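Engineer: Take a look at this one; I'll ask things after.
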Amino acid sequence: MYTMRMNQKSGKYEINEKDIDTVLNILKRTDPKNATPEKAIEILENLQAGVHMLGHTNPKALAEIQKELEKNKKTKN
């Protein structure tokens, strides 16, 4: 089951219940017909794979996304 944010051994992100619930809540508002935990997991897995591929194909774009996320995080706090 998805319970950890980071795998302790590898240090890599793992899908967890909180993330599944967050995507599920978004689906309930935007696409209620497909608002299932399975669909939420599918979306998270696809996002994770896409970010992984972006790191291989366009690391500069990934670095820019990370920089923008950090900037947004600082402005929220």
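The values are calculated or read from the model by the stated rules, or taken from the named source; none is laboratory data. The model shown is predicted, which means the values in this text are computed figures rather than measured ones. Note that each Cβ is placed from the backbone with ideal geometry, even for glycine, and that neighbours are counted across all protein chains shown.
Engineer: Within the bounds of segment 15-26, is there any residue that is touching a Leu at 6+ places or on another chain (Cβ under 7 Å), touching a residue at least 12 places away in the same chain (Cβ under 8 Å), among the charged types (D, E, K, R) and part of a helix (DSSP H, G or I)?
Structural biologist: So far as segment 15-26 goes, yes, one or more of its residues are touching a Leu at 6+ places or on another chain (Cβ under 7 Å), touching a residue at least 12 places away in the same chain (Cβ under 8 Å), among the charged types (D, E, K, R) and part of a helix (DSSP H, G or I).
Engineer: So, in segment 41-77, how many residues would count as being surrounded by 11 or more Cβ atoms within 10 Å (Cβ to Cβ) and not in a helix (DSSP H, G or I)?
Structural biologist: 1
Engineer: Then there's this: Which of the residues belonging to segment 38-62 are more than 13 Å from the chain's Cα centre (by Cα) and β-branched (V, I, T)?
Structural biologist: Just the residues of segment 38-62 that are more than 13 Å from the chain's Cα centre (by Cα), to begin with: 38-39, 53-62.
Of everything in segment 38-62, just one residue is more than 13 Å from the chain's Cα centre (by Cα) and β-branched (V, I, T), namely T57.
Engineer: Suppose the filter is surrounded by fewer than 13 Cβ atoms within 10 Å (Cβ to Cβ) and part of a helix (DSSP H, G or I); does E38 pass it?
Structural biologist: Details: surrounded by fewer than 13 Cβ atoms within 10 Å (Cβ to Cβ): yes; part of a helix (DSSP H, G or I): yes.
Answer is yes for this residue.
Engineer: Restricting to segment 1-35, what's the tally of residues that are exposed (fewer than 13 other Cβ atoms within 10 Å of the Cβ) and modelled with pLDDT under 95?
Structural biologist: Count: 11.
Engineer: Taking segment 27-54, which residues are out of contact with any Leu (no Cβ under 8 Å at 6 or more places or on another chain) and polar (S, T, N, Q)?
Structural biologist: Within segment 27-54, T30, N46, Q48 qualify.
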